[in-house]
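The values are calculated or read from the model by the stated rules, or taken from the named source; none is laboratory data. Everything numeric in this text was worked out from a predicted model, so none of it was measured. We place every Cβ from the backbone using ideal geometry, glycine too, and count neighbours over all the protein chains shown. For accessibility, only protein heavy atoms count, side chains too; no ligands or nucleic acids. Shrake-Rupley method; radii C 1.70, N 1.55, O 1.52, S 1.80 Å.
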Amino acid sequence: MTAGAPSTRVGWGFDAHRLDGEPPLMLGGVIVSDTVGVSATSDGDVLAHAVTDALLGACALGDLGEHFPSDDPASREADSMGLLRRAVAMAADAGWQAAHVDATVVAESIRVAPHRAPIIAGLADALSMGEGAVSVKATSTDGLGFVGRGEGLAVVAVLTVVALS
Ligand SMILES: [Zn+2]
């Protein structure tokens, strides 16, 4: 961090994947469906990807695809929560620690609520912060667009980092 720079920053993340792959569907490292899955080069964990991008964005450290390119076999095989942990280490090297995250899963027929507790616990652990600082919400698009047609799902996330002293 540059001397004199603000000690708090916000990052924003977005990710979407097609729902035309093999089950299971992972969100935040937790299996949320055994009947649908995404087609992706990785485990297709849209929640982990959006949160990782929000963290990298808050720290001005580029984006997920830059650090973990999908054509790199190591990235492809890595689980997405593992990539998030690597991004947390990069953020710490740059002088930042996550302090809060609020994510919204946008999906038509995937139920997040029954899995919310383990998802929050996993994100809090990966981000090295308390579960009370992790919010995971869900919404639909009222039948509109690619989400409404069940073709895919998306996640938006906003994340705050504070400077490590
Ligand atoms: Zn993704």
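Just to be sure, is Gly82 under 19 Å from His17 (Cβ atoms) and at pLDDT 90 or above?
Values: under 19 Å from His17 (Cβ atoms): yes; at pLDDT 90 or above: yes.
In short, yes.
Select from region 58-80 the residues that are closer than 21 Å to Trp96 by Cβ and open to solvent by 40 Å² or more (accessible area, probe 1.4 Å) and write down the one among them that is nearest to the ligand (Cβ to nearest atom). Don't jump to the end; show me each part of the working.
First pass over region 58-80, keeping only residues closer than 21 Å to Trp96 by Cβ: 58-68, 80.
Narrowing the set further to residues that are open to solvent by 40 Å² or more (accessible area, probe 1.4 Å) leaves 60-61, 63, 65-67.
Details: Ala60: 20, Leu61: 17, Asp63: 11, Gly65: 9, Glu66: 13, His67: 13 Å.
My answer is Gly65.
So, Pro6, is that one at pLDDT below 90, out of contact with any Cys (no Cβ under 7 Å at 6 or more places or on another chain) and open to solvent by 50 Å² or more (accessible area, probe 1.4 Å) or not? Give the steps one after another, and end with the answer.
Values: at pLDDT below 90: yes; out of contact with any Cys (no Cβ under 7 Å at 6 or more places or on another chain): yes; open to solvent by 50 Å² or more (accessible area, probe 1.4 Å): yes.
Yes, satisfied.
If you check Thr35 against the conditions, is it away from the ligand (no atom under 16 Å from the Cβ), in contact (Cβ under 8 Å) with a residue 24 or more places away in the chain and more than 15 Å from the chain's Cα centre (by Cα)?
no
Here are some residues: Val105, Val101, Val158. Which one is touching a residue at least 12 places away in the same chain (Cβ under 8 Å), within 20 Å of Pro24 (Cα to Cα) and buried (at least 19 other Cβ atoms within 10 Å of the Cβ)?
Numbers: Val101 fails: within 20 Å of Pro24 (Cα to Cα); Val158 fails: within 20 Å of Pro24 (Cα to Cα).
Just a single option satisfies the conditions, and that option is Val105.
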